[in-house]
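To keep things clear, I will list the structure first and then write my remarks on it.
The values are calculated or read from the model by the stated rules, or taken from the named source; none is laboratory data. Treat the numbers as computed from the prediction; the structure is a model and nothing was measured. No Cβ is skipped: glycine too gets one built from the backbone with ideal geometry, and neighbour counts run over all protein chains shown.
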Amino acid sequence: MEVMISQKENEVTRAILCAVMTPDKNENEVAVSLAELERLLETAGGELFAQVVQARQNPDNATYLGKGKIEEIGHLCRVNDLHLVICDDELSPAQIKNMEDALSDAIDDEAFEIRVIDRSMLILDIFALHAVSGEGKLQVELAQLRYSVPRLYGRGKSMSRLGGGIGTRGPGESQLEKDRRHIKRRILALEDQLAELVKSRAVRRARRDNAGVFRASIVGYTNAGKSTLLNRLTDAGILAEDKLFATLDTTTRKFELPSGREMLLTDTVGFIRNLPHHLIEAFKSTLEEAKYTDALIIVIDASDPECLSQLEVTEKLLYDLGVTDKPTLYVLNKCDIAMTVPEELTSRANKDKVIPISALDGRGVSSLVEALEALAAGGRKMYCLKVPTYEMGVINKLYNLSMIEDVEYFDGYARVIATMDEKTAGQLRRFIVLPQKQEEEEE
Ligand SMILES: Nc1nc2c(ncn2[C@@H]2O[C@H](COP(=O)(O)OP(=O)(O)OP(=O)(O)O)[C@@H](O)[C@H]2O)c(=O)[nH]1
Ligand SMILES: [Mg+2]
């Protein structure tokens, strides 16, 4: 019995991918999006059998594709024993149900089931497979449940009959068959648990903020090499692999710059075009991590012909998440295998902020480190502080976070002249007397 189960689990699910080509899209855009859908399918453990593209004015309101096309797909499934059809757009619950019904009518065989899922369900499925941390799992479950609520009617039965597989995995699976009220209660409970986690994350962040350490987040399109880069810089030991969404949790590591100054680097969840709305909502606290850093390192897979559009998707998502106006380094990764780097990329930002590297073999990484050092040192100025002698904590802080140029003790206070960054200066504002030069002139 066990052997049979594991055989079934190891079986690769073959699927038909379909897309609608509307007049606002060109053939290349559709092909790129379908190629990405195929990679998502592979990451979920499936395999492409065929792609079907239908040129239409609009996707059909009721059935996504036209009747004739659905009949064709139905026959293709029947003849080749395929049970999964994946649509490249986000479908309404009704479209999915109607399409499944139409496929069923086309093959006229009650016992032969064909399941229809959309891009969002496939991405959710991968997130469910890859979530490791407690928080990641809670976020996936929340996204799955929110996604499933409007899709519940009439689907519980067919889902249980199909018994799992791509598009049904994860902690939310067993809940799909229970009633909406139960699911809504579960959603509320998950929201509460996540809110608690968000709070403790905020406390940790505040602690780091108080330490005044410079922080940068590594962001970018999925599979660009973000985790490989953090591993190269810090031996973080994060799983990096040729799969989409290998990373679903943020990881922060200390990194010592050549000057001896310490900074913090954070690896983040990758982006993708058409990231399902529910996932963005559920993963908001993780995705927003970049909001709370001093600088961004945008990693770009320069070997991917689509790297420019991937950068656009990344920048748009960062904007939507409210991550704006951060000093940014553009890292052109995989330059060991990149043929040419698009002109638009190098001209996009200030040239010295575009750094070609290979996170895999290490070339160019020292330039990135230099750029980080410059960013971390940015905005450092000399200040004069008057610190009461009973505030020894402040003196200690100054020793840790600034370059002390001079200390003189007077009756009840110390006069310290130190070079520090704006952030530290902001924290010690009440002790700052005057910028050093002016005070000297005054004396
Ligand atoms: N040739 C080459 N491959 C690289 C380089 N950097 C990363 N890779 C490969 O690209 C794949 C993805 O790398 P990851 O570090 O997992 O990418 P990521 O951006 O963290 O991806 P997600 O976490 O899935 O969003 C892996 O197979 C890496 O070995 C590079 O500089 N050159
Ligand atoms: Mg990663």
Among residues of region 387-424, those that are assigned to a strand (DSSP E or B) and either surrounded by fewer than 16 Cβ atoms within 10 Å (Cβ to Cβ) or among the aromatic types (Phe, Trp, Tyr) (or both), counted: 11
I'd like to know if region 306-319 contains one or more residues that are surrounded by 19 or more Cβ atoms within 10 Å (Cβ to Cβ), aliphatic (A, V, I, L, M), part of a strand (DSSP E or B) and at negative phi. no
When residues of region 320-351 are limited to those that are assigned to a loop (DSSP other than H, G, I, E, B) and in contact with a Gly (Cβ under 8 Å, 6 or more places away or on another chain), the one modelled with the highest pLDDT: 334
Single residue of region 324-343 satisfying the filter (among the charged types (D, E, K, R) and farther than 19 Å from residue 222 by Cβ) that is nearest to ligand 2 (Cβ to nearest atom): 336
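Residues checked against (1) at pLDDT 90 or above; (2) more than 15 Å from residue 276 (Cβ to Cβ):
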residue: 84; (1), (2): yes, yes
residue: 99; (1), (2): yes, yes
residue: 108; (1), (2): no, yes
residue: 136; (1), (2): no, yes
residue: 167; (1), (2): no, no
residue: 181; (1), (2): no, yes
Could you look through region 324-337, keep only residues that are of a type in the set (A, V, I, L, M) and in contact with a strand residue (DSSP E or B) (Cβ under 7 Å, 6 or more places away or on another chain), and pick out the one that is surrounded by the fewest Cβ atoms within 10 Å (Cβ to Cβ)? 329
Elements of type helices (runs of 4 or more DSSP H) in region 213-303, at least 1 residues being over 10 Å from the mean Cα position of the chain (by Cα), assigned by TED's automatic domain parsing to the domain that holds residue 369 and near ligand 1 (Cβ under 7 Å from one of its atoms): 226-234
Restricting to region 219-267, and then to whatever is basic (Lys, Arg) and within 11 Å of ligand 2 (Cβ to nearest atom), can you tell me which residue is modelled with the highest pLDDT? 226
Hey, does region 198-213 have a residue that's within 13 Å of ligand 2 (Cβ to nearest atom), touching a residue at least 60 places away in the same chain (Cβ under 8 Å) and under 24 Å from residue 275 (Cβ atoms)? no
For residue 309, are the conditions met, namely being more than 14 Å from ligand 1 (Cβ to nearest atom) and modelled with pLDDT of 85 or more? yes
Considering only residues that are aliphatic (A, V, I, L, M) and either under 22 Å from residue 274 (Cβ atoms) or touching a Gly at 6+ places or on another chain (Cβ under 6 Å) (or both), which ones fall in region 297-319? 298, 299, 300, 308, 311, 313, 317, 318
List every residue pair whose Cβ atoms lie under 8 Å apart, where the two residues are 6 or more positions apart in sequence or sit on different chains, the first residue falls within region 224-243 and is farther than 11 Å from residue 360 by Cβ, and the second residue, located anywhere, is within 10 Å of ligand 2 (Cβ to nearest atom) and acidic (Asp, Glu). 226/267; 227/267; 230/267; 236/267; 238/267
Could you give me the residue pairs with C-beta distances under 8 Å whose first residue belongs to region 54-82 and is farther than 11 Å from residue 102 by Cβ, whose second residue is small (Gly, Ala, Ser) and surrounded by 15 or more Cβ atoms within 10 Å (Cβ to Cβ) wherever it lies, and which are 6+ apart or on separate chains? 54/19; 54/66; 56/66; 75/106; 82/15
Scan of region 73-94 for residues that are more than 34 Å from the chain's Cα centre (by Cα) and assigned to a loop (DSSP other than H, G, I, E, B), ordered by number: 81
Long-range neighbours under 7 Å by Cβ, at least six apart or interchain, first residue in contact (Cβ under 8 Å) with a residue 24 or more places away in the chain within region 23-46, second of a type outside the set (D, E, K, R) and in a helix (DSSP H, G or I): 40/122; 40/123; 40/126; 41/122; 43/126; 44/122; 44/126; 44/129
For region 352-371, which residues satisfy the criterion of being touching a helix residue (DSSP H, G or I) at 6+ places or on another chain (Cβ under 9 Å) and within 11 Å of residue 258 (Cβ to Cβ)? 369
